[in-house]
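Note sheet for the following structure.
The values are calculated or read from the model by the stated rules, or taken from the named source; none is laboratory data. Source: prediction; values computed, not measured. Heads up, the Cβs are rebuilt from the backbone with ideal geometry, glycines too, and the neighbour counts pull from every protein chain shown. Only protein heavy atoms, including side chains, enter the accessible area calculation; ligands, DNA and RNA are left aside. Shrake-Rupley method; radii C 1.70, N 1.55, O 1.52, S 1.80 Å.
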Amino acid sequence: MEIAAEIERLLQGFPPDNQSESVEVDISNSTPQVTPLVQKTVCYVVCALIMNEKQEVLMIQEAKGSCKNKWYLPSGRMEQNETIAEALRREVAEEAGYVCDLTTLLLIELRQGVPLWLRFTCLAQILGGSLKTEADDESLQARWCSRNDLGLLSIRANDILPLLDYGLAYTQFHGRKHGRIIPALNAHKHLLVRAVIVGRPLLGANAKVLVSGKGRAQHLPVVAIAQGEGLLCNTVGRLIKVLHLFTLTT
């Protein structure tokens, strides 16, 4: 498949045509790759960013353990055989009372540890339901908050503040930062990163995309996440030394 068509297919939420994963950068025995076993070796977390017409964000008040009474974005761990979209809809319904649909994948975060922690932050839109006001085991209540109102709340963790800033910036630019990205369903035996690395072109020049392979065998590069790597940028960084630039006609 041509590189431009492969990128377009991925951004539209479709899995790649070629299901075989050719990993460009080998991992040494001292830093083995992760074999994903949900809630054992890897923990997938979904986080929902839902905003109304006033640019207020949907927040929930925690009901569990040491986080009780603290405020946070609707979020939680994915269950086995659950997709990102299904987990997001379930968490929002349980914690905030709304029926929602995933609008776009916004951010992916990696945190090392056992299990390895991956959080998928997604924008979503309300389709139905009503704001939760009665407490249960999932949450105490939900409310809409402006960015300034968050300073008046007892927040569970400040790690959501950058997420809110990204979400507000994206919605205020009306999606011009990137198109709608829907997670693709694709069974896997390893944690892999397929990188779309674009070089900023000079005025009037074509964009540059890092690719692997030569001639008609060119494809977007794939690299396995290593134990102890720490950040996704470190994973992708291992690719840059071995790949060359491909001119993408625009």
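Miscellaneous remarks
- Applying 0.36 nm per residue to the separation of S66 and N206 and subtracting their alpha-carbon distance, the gain on full extension is 45.1 nm.
- Solvent-accessible heavy-atom area per residue, rounded to whole Å², over region 62-202 at 1.4 Å: 56
- Highest to lowest packing among 90-98, 162-170, 61-69, scored as the average C-beta count within 10 Å: 90-98, 162-170, 61-69
- Extent of region 72-134 along its three principal axes (Cα atoms, max minus min coordinate, largest first): 37, 25, 24 Å.
- Segment I7-H188, extension gain: residue separation times 0.36 nm, minus the distance between their alpha carbons: 63.2 nm
- Summary of packing: across the peptides 150-157, 219-226, 51-58, the per-residue average of other C-beta atoms within 10 Å ranks them, highest first, as 219-226, 51-58, 150-157.
- Here the Kirkwood formula, the inverse mean of 1/r across different C-alpha pairs, assigns region 39-155 a hydrodynamic radius of 14.5 Å.
- Rolling a 1.4 angstrom probe over region 49-163 with all protein chains present gives an accessible area of which 46% lies on carbon and sulfur atoms.
- Members of K54/K132; K64/K189; K40/K64 lying beyond 29 Å, as alpha-carbon distances in this model show: K64/K189
- Each listed q (0.25 Å⁻¹) maps to a log10 I(q)/I(0) for region 102-178, found by the Debye formula over equal Cα scatterers with no solvent: -1.33.
- Backbone amide hydrogens, once placed in the peptide plane, bring K70 within less than 5 Å of E62, excluding anything fewer than 5 places away on its chain.
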